[in-house]
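What follows is a short report on a single structure.
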Amino acid sequence: LYKYDWPAGVIHADLNFNGGGLQQMDIPLEGCAYDLPALIYSRRTLDMDGMEEGSKKPLRFAIDDAVFEISIKYRGVETLKVRRVGKVKGHHFSCSVVSGEMFEGDQELQVWFSADENKIPVAVMAPLRVGAVWAWIKKYDHLKHPFTALQ
């Protein structure tokens, strides 16, 4: 759990490393930094229709006990088969991962957002040291706009 204290320039973090119990720590915060929910929300609020394939944006990302500089890349629009949902047209992004216990630094996390007005995350692929983990949207309802990304 991260609590951003912008005036103090610190992130108060409650972390549990490898089942070693809850640890509370403060992480220095300079400029804008994202945690995973904030990063996903920031991508959803972009005007993706005007983005160029291959364009990159540097950003700061808080994970574990530090803030890292990473780059997020727009890979364009793709149609992918989403389990239990069907074929979905999606905006594809990738970002570098931070080398550590789970990731090697030369791999990229992949995320797809529906290519409609909702821009909901429909799939995520996280490469691990051995293999990968996929997450798929299981269902959708109560959307603000019709789900027109379904092919």
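By how many nm would the segment from Arg83 to Lys56 grow when fully extended, if each residue of separation counts as 0.36 nm and the alpha-carbon distance is taken off?
Value of the extension gain: 6.8 nm.
Please give the per residue accessible area of the chain, computed with a probe of 1.4 Å over protein heavy atoms only, in Å².
61 Å²
Along its three principal axes, how long is the chain when you only count alpha carbons? Whole Å, largest extent first please.
So the extents along the principal axes, rounded to whole Å, are 46, 36, 32.
Any chance you could check the Cα centroid distance between segment 1-38 and segment 106-151 for me, in angstrom?
25 Å
As a test of reading the structure, rank Glu52, Glu78 by solvent-accessible area (1.4 Å probe, protein chains only), most first.
From most accessible down to least: Glu52, Glu78.
With a 10 Å radius around each residue's Cβ, average the other Cβ atoms per peptide and rank 5-15, 118-128, highest first.
In descending order of packing, they fall as 118-128, 5-15.
Please give every one of the aspartates and glutamates within straight-line cross-link reach of Lys87, meaning a C-alpha to C-alpha distance under 13 Å, and leave out same-chain neighbours fewer than 8 residues apart.
Output for Lys87: Glu78.
For a paramagnetic label modelled at 7 Å from the Cα of Val124 toward its Cβ, which residues of segment 27-71 fall within the zone defined by backbone nitrogen distances under 11 Å?
Residues passing the 11 Å test: 36-41.
Residues with beta-carbon under 12 Å from that of Val10, excluding Val10: net charge, scoring Lys, Arg +1 and Asp, Glu -1?
-2
Could you tell me how many cubic angstrom of Cα convex hull volume segment 47-97 has per residue?
108 Å³
Assuming R0 = 35 Å, what is the FRET efficiency of Thr45 and Gln24, from their Cβ-Cβ distance, to the nearest 0.05?
Computed FRET efficiency for Thr45 and Gln24 comes out at 0.70.
Using 0.36 nm per residue, how much length does the chain from Cys32 to Leu1 gain when fully extended, once their Cα-Cα distance is taken away?
9.4 nm
Please provide three numbers in whole Å: the alpha-carbon extents of segment 27-116 along the principal axes, with the largest listed first.
Extents along the principal axes, in whole Å: 41, 29, 22.
Show that you can apply the helix-only estimate: for the chain, add -39,500 (n - 2.57) for every DSSP H stretch of four or more residues, divide by all residues, and state [θ] at 222 nm to the nearest 500.
-1500 deg cm²/dmol
Relative to the Cα centre, what is the charge dipole magnitude of segment 1-146, using +1 at the beta carbon of each Lys and Arg, -1 at the beta carbon of each Asp and Glu, and rounding to the nearest 20 debye?
With Lys and Arg at +1 and Asp and Glu at -1, about 860 debye.
The values are calculated or read from the model by the stated rules, or taken from the named source; none is laboratory data. Just so it is clear, the structure is predicted and the values come from calculations on it, not from any experiment. Heads up, the Cβs are rebuilt from the backbone with ideal geometry, glycines too, and the neighbour counts pull from every protein chain shown. When the accessible area is computed, the model is the full protein with side chains, heavy atoms only, and any ligands, DNA or RNA have been set aside. Shrake-Rupley method; radii C 1.70, N 1.55, O 1.52, S 1.80 Å.
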